[in-house]
Amino acid sequence: MAVGPIEYIVVGFPGNKFNGQIVPELAKLIESRTVRILDLIFVGKNDGGDVVAFEFDQLDELEAFASLDGEIGGLLSDEDVAYVGSILEPGNSAALLVWEDLWAAPFAAAVLDSGGVLLESARIPHQLAQEALAAIEAAG
């Protein structure tokens, strides 16, 4: 079975203001077999700077995540939680999400079957991509 690229994202929620709007969009990605959720954990840093991690079923505000179909658990470590905690300001929280890009699995298999090897991969941050595309459009 071909496996697509696996990636992670950290989505911050300044002031711990989570409204759940990402859940329906994430569900659409899962249902369309664009991604497969492999792990998900929430990390918070209290005003005193203490870092806490919790699962979606531990807080009422995160209840909507229970409806997502995924193979949640086992990939993320205490070190991952500590890393996310290190980039959070006190009084903020984040979701740490690991997923497989199912849409890319057939291409990944074709690369491997042709003897190719991935030499490098990166994701361009959304804001940088928007700025570059806007500059091209303005120049054109």
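Mind listing just one residue for me: the one in segment 1-60 that is free of Cβ contacts under 8 Å to residues at least 40 places away in the same chain and small (Gly, Ala, Ser) and, of those, nearest to LEU112 (Cα to Cα)? Ranking the qualifying residues of segment 1-60, first place goes to SER32.
Give the number of residues within segment 125-140 that are of a type in the set (D, E, K, R) and either within 20 Å of ILE9 (Cβ to Cβ) or in contact with a Lys or Arg (Cβ under 9 Å, 6 or more places away or on another chain) (or both). So that I can check it myself, show each step before the final result.
Keep residues of segment 125-140 that are of a type in the set (D, E, K, R), which gives 131, 137.
Imposing the further condition that a residue be either within 20 Å of ILE9 (Cβ to Cβ) or in contact with a Lys or Arg (Cβ under 9 Å, 6 or more places away or on another chain) (or both) reduces the set to 131.
Of the residues in segment 125-140, 1 are of a type in the set (D, E, K, R) and either within 20 Å of ILE9 (Cβ to Cβ) or in contact with a Lys or Arg (Cβ under 9 Å, 6 or more places away or on another chain) (or both).
In segment 40-59, the residue that is farthest from the chain's Cα centre (by Cα) out of those that are among the acidic types (Asp, Glu) and at pLDDT below 90 is ASP57.
Mind listing whichever residues of segment 26-54 are of a type in the set (Lys, Arg) and surrounded by 14 or more Cβ atoms within 10 Å (Cβ to Cβ)? Quick ask: steps written out before the conclusion?
First, pick out the residues of segment 26-54 that are of a type in the set (Lys, Arg): 28, 33, 36, 45.
Those that are of a type in the set (Lys, Arg) and surrounded by 14 or more Cβ atoms within 10 Å (Cβ to Cβ): ARG36, LYS45.
Pick from segment 1-25 the residues that are surrounded by fewer than 11 Cβ atoms within 10 Å (Cβ to Cβ) and at pLDDT below 85: which of them is farthest from ILE124 (Cα to Cα)? Among residues in segment 1-25 that are surrounded by fewer than 11 Cβ atoms within 10 Å (Cβ to Cβ) and at pLDDT below 85, the one farthest from ILE124 (Cα to Cα) is MET1.
Scanning segment 89-140 for residues that are touching a residue at least 40 places away in the same chain (Cβ under 8 Å) and either assigned to a loop (DSSP other than H, G, I, E, B) or hydroxyl-bearing (Ser, Thr, Tyr) (or both) yields GLU89, PRO90, GLY91, SER93, SER121, ARG123. The single residue among GLY116, GLY91 that is out of contact with any His (no Cβ under 9 Å at 6 or more places or on another chain), farther than 25 Å from ILE30 by Cβ and either surrounded by 14 or more Cβ atoms within 10 Å (Cβ to Cβ) or of a type in the set (Lys, Arg) (or both) turns out to be GLY91. Taken together, the residues in segment 4-60 that are in a loop (DSSP other than H, G, I, E, B) and either within 25 Å of GLU79 (Cα to Cα) or aromatic (Phe, Trp, Tyr) (or both) amount to 11.
The values are calculated or read from the model by the stated rules, or taken from the named source; none is laboratory data. Note that the coordinates shown come from a computational prediction; the quantities given were computed from them, not determined experimentally. Every residue, glycine as well, gets a Cβ built from its backbone with ideal geometry; the counts of neighbours run over all protein chains shown.
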